[in-house]
1. Roll a 1.4 angstrom probe over the protein heavy atoms and tell me the percent of accessible area of segment 208-276 that is carbon or sulfur.
2. Of all DSSP beta bridges in the chain, what percent run antiparallel (nearest 5)?
3. Output wanted: per-residue J couplings in Hz (rounded whole) for segment 70-76, from phi through Karplus 6.51 cos²θ - 1.76 cosθ + 1.60, θ = phi - 60°, x for Gly and Pro.
4. Compute the helix-to-body angle for 13-26: its Cα long axis versus the longest principal axis of the chain, expressed 0 to 90° and rounded to tens.
5. Near the amide H of THR184, under 5 Å away, which other amide H atoms are found, from residues 5 or more places off or on another chain, if H is placed in the peptide plane?
6. Between LYS273 and GLU200, what is 0.36 nm times their sequence separation minus the Cα-Cα distance? Round to one decimal in nm.
7. Along the charge dipole of segment 127-224, Cβ charges K/R +1 and D/E -1, which of ILE223, PRO132, THR185 sits furthest on the positive end?
8. Work out the length of the dipole vector of the chain about its Cα centre, built from +1 on the beta-carbon of each Lys and Arg and -1 on the beta-carbon of each Asp and Glu, and round it to the nearest 20 debye.
Amino acid sequence: MDKKILVIGAMGQIGSELVLELRKIYGNENVVASGRSSKSPDESSKEKGPFEVIEALDKEQIRKVVEKYKINELYHLAAILSATGEKDPKTAWTINMDSLINVLDLAKEYNLRVFWPSSIAVFGPTTPKKAPQQTVLEPTTMYGITKVAGELLCSYYKDKFGVDVRGLRFPGIISYKTLPGGGTTDYAVEIFYECIKKKEYNCFVSCETTLPMMYMPDCIKSIIQLMQAPKENLKHVCYNVAGISFSAKELADEIKKSISCFKCSHEPDFRQKIADSWPNELDDSEARKDWNWKPDYDLKRMTADMLEKISEKLGKQG
Ligand code: AKB
């Protein structure tokens, strides 16, 4: 059957790049992008294919689009991330959970295959620092709580109603096209912009803070591969996927190899506590075994590409 795809949250960091890739694979007209507002900083998703305004808390609005385009696959990317979630935990709970249950209900009704991103935020201080696939999930952030509850909800809909829902526990995602918004791992993107613009960056986590990260091309590849995998190969609803783990200092040092005058200082704020509660690394052996996952980018390759692309974007030479 031909895919008819809807992406909710298409204007965000992952959505803006995922829509382009899905349109390349499945055809522009078969991928409907959607965002909360018709006014968006990124016009490219609208120019090349269908675009609809969707507020993910409004189930009937999603239903109308599912019916209009005869959607059979839905990517639900709209969410409040960890740092913003700590400022307004109740709103984070409402947006993350109510939108997910809306999507899962519609998936049950219209037989949709669903992609939903989980996160390393499902882990907490009691998780081993190299987080296994199956381990203790005791997060200390509201965002993490919504991701654990979301994983359980996805499993419930899969087991009870047969919904084909698939998820990935993403590390911090590094990219240059669309900025991340409100996450703890955002420093790993900000550092590149500040380096190109000012040759200095005051990082909001300590130099030894080490977190799992992933470059956007690997993130997009992991989503596409998971969604194309035969259903019978998938043993978990949400898989650990690893990319690159490095400390803030290791990242700054790698940048200095290209821009020797770059200076990185550290002034930890409330996000340090969130970062400290997360693992340093992910064990993604189950993803490798079940659907052949393997990332392409290491720290060196990712850093070189980010510096080149952001210099181009800002019209400066590194
Ligand atoms: C965040 O920092 O909140 C996100 C995440 C790791 O899910 N980037």
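1. Details: 1530 of 2990 Å².
The C+S portion of the solvent-accessible surface of segment 208-276 is 51 percent.
2. On the way: 4 of 36 bridges.
Percent antiparallel among DSSP bridges in the chain is about 10.
3. Going residue by residue, I get 6, 5, 10, 9, 10, 10, 9 Hz, with x marking Gly and Pro.
4. Once rounded, one gets 50 degrees.
5. Hits under the 5 Å cutoff: SER82, ALA83.
6. Numbers: separation 73, 0.36 × 73 = 26.28 nm, distance 2.36 nm.
Full extension from LYS273 to GLU200 adds 23.9 nm.
7. Going by the Cα projections, it comes out as ILE223.
8. 420 debye
The values are calculated or read from the model by the stated rules, or taken from the named source; none is laboratory data. Every value quoted in this text rests on a predicted model; they were computed, and no experiment measured them. All Cβ positions, even for glycine, are placed from backbone atoms using ideal geometry, and neighbour counts span all protein chains on display. Just the protein is used for accessible areas: all its heavy atoms, side chains included, with ligands, DNA and RNA removed. Shrake-Rupley method; radii C 1.70, N 1.55, O 1.52, S 1.80 Å.
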